[in-house]
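Undergrad: Sharing a structure with you now.
The values are calculated or read from the model by the stated rules, or taken from the named source; none is laboratory data. Just so it is clear, the model here is predicted, and its values are computed rather than measured. Ideal geometry is used to build each Cβ from the backbone, glycine not excepted, and the neighbour counts take in all protein chains shown. Note: accessible area is taken over every heavy atom of the protein model, side chains too, but ligands, DNA and RNA are not part of it. Shrake-Rupley method; radii C 1.70, N 1.55, O 1.52, S 1.80 Å.
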Amino acid sequence: MTDEPQTGFEDLLAANADYAKHFQYSGFDGIAHAGVGVVTCMDSRIPPLELLGLKPGDAKVLRSAGARVTELTLTGLVLGVQLLGVRRIMVVPHTRCAMAAMTEDEMRAKVEAAAGKPAGYLPLNVIPDQLEALRRDVAAVREHPLIGDEILVGGFMYDVDTGLLRQHV
């Protein structure tokens, strides 16, 4: 394994150089100035700040496959609440999510076919019932001992075809 930079990222580095020319967030303190924490899916159709009318510096955004509240996202939420100004937490899965569209076996078969390798060891955690998963995830956040009762926690569904949010929990 080499520490030499790999090629293939030139377009992104060029875009970043252009971005840096107009960079306006220098000196931000890392606090969520709107007091918002968001757990959402890794799906690229979801622009978490824009869909909530927020801007960089307003919120802590944590992403996971299927917008699931995992041990890592819970850690991020605790840090957000205890150290970074988060007072409201939104868990936001979305419509037409691949994680809710098939069984664990079907998803694993797709991953294995794409990778050309077995993936039986990898927990994929598909979501048979998005609303039930959302209820469980919101409950896990609300019940966490390091997230106080004064923190508002809600569960929402984002519609990738209309851009609308609907609160379910």
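Undergrad: What number goes with the only condition from (1) open to solvent by 90 Å² or more (accessible area, probe 1.4 Å); (2) of a type in the set (Gly, Ala, Ser); (3) not in a loop (DSSP other than H, G, I, E, B) that Ser26 does not pass?
TA: The number of the failed condition is (3).
Undergrad: Under 8 Å between Cβ atoms, at least 6 apart or on separate chains: pull out the pairs that start in the stretch 21-36 with a residue that is within 20 Å of Glu50 (Cβ to Cβ) and end on any residue that is acidic (Asp, Glu).
TA: Pairs that qualify, where the first residue is within 20 Å of Glu50 (Cβ to Cβ) and the partner is acidic (Asp, Glu), are Ala32/Asp58; His33/Asp58; Ala34/Asp58; Val36/Asp58.
Undergrad: Do you know which residues across the stretch 124-137 are farther than 15 Å from Ile89 by Cβ and among the aliphatic types (A, V, I, L, M)?
TA: Residues of the stretch 124-137 that are farther than 15 Å from Ile89 by Cβ, as a first pass: 124-133.
Scanning the stretch 124-137 gives Leu124, Val126, Ile127, Leu131, Ala133.
Undergrad: Out of all the residues in the stretch 39-57, is one or more open to solvent by 70 Å² or more (accessible area, probe 1.4 Å) and in a helix (DSSP H, G or I)?
TA: Yes.
Undergrad: A further question follows. Select from the stretch 88-101 the residues that are without any contact (Cβ under 8 Å) to a residue 60 or more places away in the chain, open to solvent by 50 Å² or more (accessible area, probe 1.4 Å) and assigned to a loop (DSSP other than H, G, I, E, B) and list them in ascending order.
TA: Of everything in the stretch 88-101, just one residue is without any contact (Cβ under 8 Å) to a residue 60 or more places away in the chain, open to solvent by 50 Å² or more (accessible area, probe 1.4 Å) and assigned to a loop (DSSP other than H, G, I, E, B), namely Ala101.
Undergrad: When the residues of the stretch 60-75 are filtered to those that are assigned to a helix (DSSP H, G or I) and small (Gly, Ala, Ser), which remaining residue is most open to solvent (accessible area, probe 1.4 Å)?
TA: First, pick out the residues of the stretch 60-75 that are assigned to a helix (DSSP H, G or I): 65-67, 71-75.
Checking which are small (Gly, Ala, Ser) leaves us with 65-67.
Working: Ala65: 42, Gly66: 4, Ala67: 2 Å².
Among those residues, the one meeting the criterion is Ala65.
Undergrad: If you don't mind, there's one more thing I want to ask. Can you pull out every residue in the stretch 138-169 that is open to solvent by less than 40 Å² (accessible area, probe 1.4 Å) and within 11 Å of His94 (Cβ to Cβ)?
TA: Phe156, Met157, Tyr158, Val160, Gly163
Undergrad: Got at least one residue in the stretch 76-87 being touching a residue at least 12 places away in the same chain (Cβ under 8 Å), in a loop (DSSP other than H, G, I, E, B) and either farther than 22 Å from His144 by Cβ or in contact with a His (Cβ under 8 Å, 6 or more places away or on another chain) (or both)?
TA: So far as the stretch 76-87 goes, yes, one or more of its residues are touching a residue at least 12 places away in the same chain (Cβ under 8 Å), in a loop (DSSP other than H, G, I, E, B) and either farther than 22 Å from His144 by Cβ or in contact with a His (Cβ under 8 Å, 6 or more places away or on another chain) (or both).
Undergrad: Next question. Only residues that are exposed (fewer than 10 other Cβ atoms within 10 Å of the Cβ) and outside any helix (DSSP H, G or I): list them for the stretch 1-23, please.
TA: Met1, Thr2, Asp3, Glu4, Pro5, Gln6, Thr7, Gly8, His22, Phe23
Undergrad: Working carefully through the options Gly30, Gly80, Gly66, Gly53, find the one that is out of contact with any Phe, Trp or Tyr (no Cβ under 7 Å at 6 or more places or on another chain), within 22 Å of Pro123 (Cβ to Cβ) and not charged (D, E, K, R).
TA: The match here is Gly66.
Undergrad: Same structure, new question: Hey, can you tell me all the residues within the stretch 102-128 that are in a loop (DSSP other than H, G, I, E, B) and free of Cβ contacts under 8 Å to residues at least 12 places away in the same chain?
TA: Gly116, Lys117, Pro118, Ala119, Tyr121, Pro123, listed by residue number.
Undergrad: Let me ask you something else. Which one of these does Arg45 not meet: (1) in contact with a Ser or Thr (Cβ under 9 Å, 6 or more places away or on another chain); (2) farther than 12 Å from Val141 by Cβ?
TA: (1)
Undergrad: Here's another thing I want to ask about it. Taking Ile31 and the conditions (1) exposed (fewer than 11 other Cβ atoms within 10 Å of the Cβ); (2) among the β-branched types (Val, Ile, Thr); (3) within 28 Å of Thr73 (Cβ to Cβ), which numbered condition does it fall short on, given that it satisfies the others?
TA: All conditions pass for Ile31, except number (1).
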